[in-house]
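J.: Quick one: the structure is below, questions incoming.
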Amino acid sequence: MRRALAITGILFLVAPLLLVLWTVIQYFVLKSQIHHVEEQFARASIVLMAFQLQGGVCTGFVGMILLGLCVDGQGYRPRWLLWWMISLGVLWLLYFPLGSTLGLALLIYTASKRKKFGVVR
């Protein structure tokens, strides 16, 4: 149960990053074809992309809460989870400006809990 909760939290943090990657790819494809597409359609597509990016942050917060429940509430602290949390925190920092707050919070949380994972430095 604890491992499933940890994996679910990680998936909730990874999914929005994949959505951002897909949205960025869509944006550049749309931008390269902007002269072939009506301007009204292009604007609507860009607005939809912005909503996708904002929704990703909400999903990321759910993932962070699940990881917090896993680490603090359930006491599940394997090393692989620590490294996933650090890696995802760094990736979320790149999700500027919306995800930077989440990435910073995840890194601060992970750094403050590193002793619980057995890392004493």
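J.: So the check is Cβ under 9 Å with 6+ separation or different chains; which pairs have a first residue in segment 34-52 that's more than 27 Å from residue 15 (Cβ to Cβ) and a second one that's surrounded by 10 or more Cβ atoms within 10 Å (Cβ to Cβ) and at pLDDT below 70?
T.: 34/42
J.: If you don't mind, there's one more thing I want to ask. Since residue 101 meets every condition but one in (1) surrounded by 15 or more Cβ atoms within 10 Å (Cβ to Cβ); (2) touching a helix residue (DSSP H, G or I) at 6+ places or on another chain (Cβ under 7 Å); (3) of a type in the set (S, T, N, Q); (4) more than 22 Å from residue 25 (Cβ to Cβ), which condition does it not meet?
T.: Failed condition: (2).
J.: Considering only segment 49-94, state which residues are surrounded by fewer than 20 Cβ atoms within 10 Å (Cβ to Cβ) and either among the small types (Gly, Ala, Ser) or not in a helix (DSSP H, G or I) (or both). Lay out the reasoning, then the answer.
T.: Of segment 49-94, the ones surrounded by fewer than 20 Cβ atoms within 10 Å (Cβ to Cβ) are 49-55, 57-59, 61-62, 65, 68-69, 72-80, 82-84, 86-87, 90-91, 93-94.
Those that are surrounded by fewer than 20 Cβ atoms within 10 Å (Cβ to Cβ) and either among the small types (Gly, Ala, Ser) or not in a helix (DSSP H, G or I) (or both): 50, 55, 68, 73, 74, 75, 76, 77, 78, 87, 94.
J.: Just give me the residues in segment 1-19 being among the β-branched types (Val, Ile, Thr) and either farther than 30 Å from residue 82 by Cα or within 9 Å of the chain's Cα centre (by Cα) (or both), in sequence order.
T.: Within segment 1-19, the subset among the β-branched types (Val, Ile, Thr) is 7-8, 10, 14.
Hits for segment 1-19 are 10, 14.
The values are calculated or read from the model by the stated rules, or taken from the named source; none is laboratory data. Predicted model only: the values in this text are computed from it and were never measured. Note that we place each Cβ from the backbone using ideal geometry, even for glycine, and neighbour counts take in every protein chain shown.
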